[in-house]
1. Would you mind checking the tilt of helix B:344-355 against the longest principal axis of the Cα atoms of chain B, expressed as 0 to 90 degrees and rounded to 10?
2. Rounded, prolate or oblate: which one fits the range B:178-278, using the alpha carbon gyration tensor with axes a ≥ b ≥ c (rounded when a/c is under 1.5, else prolate when a/b beats b/c, else oblate)?
3. Would you mind pulling out the separation of the Cα centroids of the range B:307-355 and the range B:87-127, in Å?
4. Sort the range B:162-207 into rounded, prolate or oblate with this rule: let a ≥ b ≥ c be the square roots of the eigenvalues of the Cα gyration tensor; rounded if a/c is under 1.5, and if a/c is not under 1.5, prolate when a/b is larger than b/c, oblate otherwise.
5. Fully extended, how many nm does the chain gain between residue A:108 and residue A:71 (0.36 nm per residue separation, minus their Cα-Cα distance)?
6. What percent do you get for the relative contact order of chain B when only Cα pairs under 8 Å and 6+ apart count?
7. So what's the projected area for chain B, the Cα convex hull averaged over all directions, in nm²?
8. Where does the longest stretch of chain A lie that holds no GluC sites (Glu not before Pro) found in a DSSP loop with 16 or fewer other Cβ atoms within 10 Å?
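All of the numbers you see were taken from the coordinates with simple rules; none came from a lab. Model, not experiment: these values are computed from the prediction. Reconstructed Cβ throughout: ideal geometry from the backbone, glycine too, with neighbour counts over all protein chains shown.
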Amino acid sequence: MTVSLEASLMSAKGAGRKLLVPYITGGMDQWLDAIRAAADAGADAVEIGIPFSDPVMDGPVIQEASWQSLQHGSTPQSVVAEAADLDVGIPLAVMTYYNLAYRAGHERFAANLYRAGISGCILPDLPYVESGPWRTAAEAAGVEPVLLAAPTTPEHRLPDLCAASRGFVYAVGVMGVTGVRSELAASAVEIAARCKRVTDKATLVGVGISNPEQAAEVVQVADGVVVGSSIVRRLLDGDGPEGVAALVSQYRRAIDG
Amino acid sequence: MTMSRPTPEGRFGDFGGRFVPESLIAACEELERAFTEAWSDPSFIDEFQRVLCDYAGRPSPVTECHRLSQRLGVRVLLKREDLNHTGSHKINNVIGQALLAKRMGKSKLVAETGAGQHGVATATAAALLGMECKVYMGAVDVERQALNVFRMKLLGSDVEAVMSGSRTLKDAVNEALRHWVAAVEDTHYCLGSVMGPHPYPWMVREFHRVIGEEARAQCSEILGGGEPDVVTACVGGGSNAIGIFSGFIDTEAQLVGVEPAGGAAVGGGVPGVVHGMLSYLKQDEDGQVLEAESISAGLDYPGVGPEHSYLASVGRATYVSVTDDEVVAAFELLSRTEGIIPALESAHAIAWVAREPSLKGKTVLVNLSGRGDKDVDQMMDILG
Ligand SMILES: Cc1ncc(COP(=O)(O)O)c(C=O)c1O
């Protein structure tokens, strides 16, 4: 049974819980166990990266993970099929690039996700202004299309963008690509606050949250965080699911305050 | 038919659009506004034309190739973009974008480059206008175009070898886009072809229109008021081809784009989305982008500008491909018959003219997009 991302996050938010969504690249070494470990360590949902040949929104860490996964022979079908066997009790979303959905056909791509029990889909190179046809197809197939809001999204577009986003609103914390940064940008708090003024949906800040301290700081305003590169780094360094579990626990404690 | 503005959404038919991360949408909108305004401002257009003339050496001539024509049984005219400052058509677009960037108050340029011609042109414009410039170039291309790498550095630009993916042009575009996302405030992305998100395909075409406009008048002079039967150009992203096609779109002339056999996006691809645009793209069944493989770094690109996809879909232009061997032969052919060493990219168009039997007795205008100096090292290895 597919759990609704939006309902699940809204209910946790309603209960006063800050939301933690770790990202793990599908198809890298030990990724399924890493997702199970993240779920056990207190994740509220997990974002699974489907590797793409040209990941333009990703920095060096996730590029390396994508490359490793593609070298292992991962395909969109193989990642989705393997994810279908995960029974972690929290909703799953995929993050990938638009061409994979375009090539498969919106309906087929969305139906495939739904069948595998995947609730949401994030396509960072498909901006709100181009997202209409995909959103229609995804929602018809029972998949929640998560949209990204950026620090440069103009005020006049933000309410419509947040209203169109399903699952949660992904607030991009910095002007830049995914990666590990030593300081939390002021833009992260700002974009979270702007989104929250126009939507009741859960607003999660992703891109630019690199350690538990930054996560704790940003959830003063945001409803939660998406953390990617710092987690994937652990897997690339060979720390395995245990390393992921340890880091996710640290994030959990940090945002629970 | 005319080449008009794309739709407000940046579409040429179904193709084009603005498929970039939300973070870049505002920058694309700002650029669209700035370009629209500048392109209807006579003082901007005057300045653009003045720099093209006094600095870049326009107009470029059209040369009638007597010996080659005799050899092939085809009347061949060359539009000599190889004679522009920096050695290719790329300078037209770069001067337009650099002037626009200044007007927008940006102090830095970032660019991708394949063969290095666009990188050299951008580095040149940056030096001319006193701007900072960073150029991303695939590590494979850094190796095969070492001379251009040195040129860019000499001109004061920073060149970064891109180690990701296939380490060629497409990866350099990814890296330049990543750089731009983090630097939009003070940096203009000086994209090198009629590709990318709206307004680039349209804006870059407008800056290259001058090629077609000049050629139309020059051909008319040479041909006693007539037009060539065929207008042809090589196609990587498609900027030199769009530039020359734009002058003949409303004529009877047949328009032919020549792609490399190992990177034929229109000829061998299906519609897909990468680098901000929906267009023909070489990709596998899953939608992973395939690596192009061509002897010429400037055509080593798996995609193509969206307006070419549109022209192909409505049948106004046709797209053919030639092999690396045919290109090498054409490179020698033009050198020996006319004393003109073409860029390997431009040699693709010559190769098709040399091969195509249906051209006998016809008049063909070839856009000679660049000169071959940059390729001499590589050809020394190939020809021994
Ligand atoms: C001489 C020359 N011609 C053609 C091209 C290909 O670009 P386009 O297809 O945009 O004209 C290049 C690119 O580097 C080039 O240097």
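1. That works out to roughly 30 degrees.
2. Oblate, because a/c is 1.5 or more while a/b does not exceed b/c.
3. Measuring centre to centre over Cα atoms gives 25 Å.
4. Here the range B:162-207 falls in the oblate category.
5. Result for the pair: 10.8 nm of gain on full extension.
6. Rounded, it is 20 percent for chain B.
7. 17.1
8. Value returned for the longest uninterrupted segment is A:1-154.
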